[in-house]
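Trainee: Structure in structure tokens, see below.
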Amino acid sequence: MKLTPDDLDAHLAQKLLPAYLISGEEPLIVSEAADAVRARARAAGCSEREVHFIERAADWADVSASAGTLSLFGSRRLLEVRLGSARPGAAGAAVLATLIERADPDTVLLILAPRLDRDAQSAKWVQAAVAHGAWVPVWPVEAAKFPAWLRARSRRLGLTLDTRALELLAARTEGNLLAAHQELEKLRLLAPDGRPDAGAALAGLADSARFDVFRLSEAALAGDAGRALRVLAGLRAEGIEPTLVLWALIKALRDLSGALLRPGGGGARGWQRPNVALEAAVRRARRLSLRSLMVRAARADRMIKGRLGGDPWDEMALLATDLCARPALSAPKSMFK
């Protein structure tokens, strides 16, 4: 079966399956989901826990040997396999599929993996986990849903945040769930009554926003010019190479172009989850000139390489606002001047 992290606790309260696959790149949610499985396994009599970190192909021999060995004390055990890659290789995939399908009643298998792309999701071992156990994919929390996630998380911790405190926390910890959770824990100490106000939130907050290039392209595709510029400024302040930032914006342009060229006019579909940002870009495509956007991107590239005068960060800011259909300056006619 396939479960969401929110469904996992209710599921574990009713049953414990032979195998669980938890995948994703949100450390907080992945860690909490794994802890929930471990706690349920202990309650079911798994008094032993073996952990295998897969770093090279030879490590799979150790996993197979461990799985084939009886428990030291004759009790149930938790066999935990942590993958360094979403693709374990032919040998690893075979071992995992065999362990999952065997469903040893004395062993609970817990697999922790990075985010699984479309090809990885179709692998036999992943499908075996869905058929004989449970797969819990962990997706990043979208910007639009982040305040709701914060509110729900604060309630779990016994906190009631006013609107201003919630806005401050969302702005300062955007995209960094672990930092947000840590800030909520601090607020619980600062406000023993469980009702911190904006002053308490501001006093305790650190600027933990994770300004990464993927969130820049997401904001630009979504048409959120203010957020795109704020993320861009954060990337610049963190010393991120402008080449990497421009790559993210060009990838956004290519994704949009590819969606528009699909038969039927480009119903945007992500390979992992609905790509809301790309769908928004497709809807406003008639107000965009892809040629002008690519000219702007080429100008930024030439500035980065020193072949054209100007600041590439300013040019990328103009590119981002152009992609949002909120141009700050008229579109360039040439990449050479």
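Trainee: Identify, please: which residue in the range 59-70 is at pLDDT below 75 and either touching a Pro at 6+ places or on another chain (Cβ under 9 Å) or over 16 Å from residue 103 (Cβ atoms) (or both) and is, among those, surrounded by the fewest Cβ atoms within 10 Å (Cβ to Cβ)?
Mentor: The residue in question is 70.
Trainee: Mind checking whether some residue in the range 141-151 is farther than 17 Å from residue 227 by Cβ, in contact (Cβ under 8 Å) with a residue 24 or more places away in the chain and small (Gly, Ala, Ser)?
Mentor: No, there is no match, as no residue in the range 141-151 is farther than 17 Å from residue 227 by Cβ, in contact (Cβ under 8 Å) with a residue 24 or more places away in the chain and small (Gly, Ala, Ser).
Trainee: Has the range 232-246 got at least one residue that is within 17 Å of residue 293 (Cα to Cα) and touching a Lys or Arg at 6+ places or on another chain (Cβ under 7 Å)?
Mentor: No, the range 232-246 contains no residue that is within 17 Å of residue 293 (Cα to Cα) and touching a Lys or Arg at 6+ places or on another chain (Cβ under 7 Å).
Trainee: Still on this structure, I have one more. Residues being among the acidic types (Asp, Glu) and either buried (at least 20 other Cβ atoms within 10 Å of the Cβ) or in contact (Cβ under 8 Å) with a residue 12 or more places away in the chain (or both): count how many of those fall in the range 290-325.
Mentor: Residues in the range 290-325 being among the acidic types (Asp, Glu) and either buried (at least 20 other Cβ atoms within 10 Å of the Cβ) or in contact (Cβ under 8 Å) with a residue 12 or more places away in the chain (or both): 3 in total.
Trainee: Given the conditions (1) more than 24 Å from residue 218 (Cβ to Cβ); (2) out of contact with any Leu (no Cβ under 7 Å at 6 or more places or on another chain), report the number of the one that residue 152 does not fulfil.
Mentor: Here residue 152 meets the rest and fails (1).
Trainee: Something else about it: Name the residues in the range 80-91 that are crowded, with 18+ Cβ neighbours inside 10 Å and at pLDDT 90 or above, would you?
Mentor: Selection gives 80, 81, 83.
Trainee: List, please: which pairs have Cβ atoms under 6 Å, are six or more places apart or on different chains, and start with a residue in the range 223-247 that is closer than 14 Å to residue 323 by Cα and end with one that is among the hydroxyl-bearing types (Ser, Thr, Tyr)?
Mentor: 225/321
Trainee: May I pose another question? Output the residue which, of all residues in the range 10-52 that are closer than 22 Å to residue 116 by Cβ and exposed (fewer than 13 other Cβ atoms within 10 Å of the Cβ), is farthest from the chain's Cα centre (by Cα).
Mentor: Selected residue: 51.
Matching residues to (1) out of contact with any strand residue (DSSP E or B) (no Cβ under 7 Å at 6 or more places or on another chain); (2) at pLDDT 90 or above; (3) closer than 18 Å to residue 84 by Cβ; (4) in a helix (DSSP H, G or I):
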residue	(1), (2), (3), (4)
16	no, yes, no, no
30	no, yes, yes, yes
33	no, yes, no, yes
37	no, yes, no, yes
42	yes, yes, no, yes
50	no, no, yes, no
56	yes, no, yes, no
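Trainee: Restricting attention to helices (runs of 4 or more DSSP H) lying wholly within the range 152-251, give those where 2 or more residues are touching a His at 6+ places or on another chain (Cβ under 9 Å), within 21 Å of residue 280 (Cα to Cα) and at pLDDT below 75.
Mentor: none
Yes or no, residue by residue, for (1) within 16 Å of the chain's Cα centre (by Cα); (2) under 29 Å from residue 69 (Cβ atoms); (3) not basic (Lys, Arg):
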{"position": "83", "(1), (2), (3)": "no, yes, yes"}
{"position": "107", "(1), (2), (3)": "no, yes, yes"}
{"position": "110", "(1), (2), (3)": "no, yes, yes"}
{"position": "129", "(1), (2), (3)": "no, yes, yes"}
{"position": "158", "(1), (2), (3)": "no, no, yes"}
{"position": "188", "(1), (2), (3)": "no, no, no"}
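Trainee: Any chance the range 309-322 includes a residue that's of a type in the set (Ser, Thr, Tyr) and at pLDDT 90 or above?
Mentor: yes
Trainee: Is it the case that residue 148 is at pLDDT below 85 and farther than 15 Å from residue 2 by Cα?
Mentor: no
Trainee: Let me ask you something else. Considering the range 116-141 alone, what residues qualify as being outside any helix (DSSP H, G or I) and buried (at least 16 other Cβ atoms within 10 Å of the Cβ)?
Mentor: Of everything in the range 116-141, those that are outside any helix (DSSP H, G or I) and buried (at least 16 other Cβ atoms within 10 Å of the Cβ) turn out to be 116, 123, 133, 134, 135, 136, 137, 138, 140, 141.
The values are calculated or read from the model by the stated rules, or taken from the named source; none is laboratory data. Keep in mind that what you see is a predicted model, and the values were worked out from it rather than measured. When we count neighbours, we look across all protein chains shown, and the Cβ atoms used for this are built from the backbone with ideal geometry, even at glycine.
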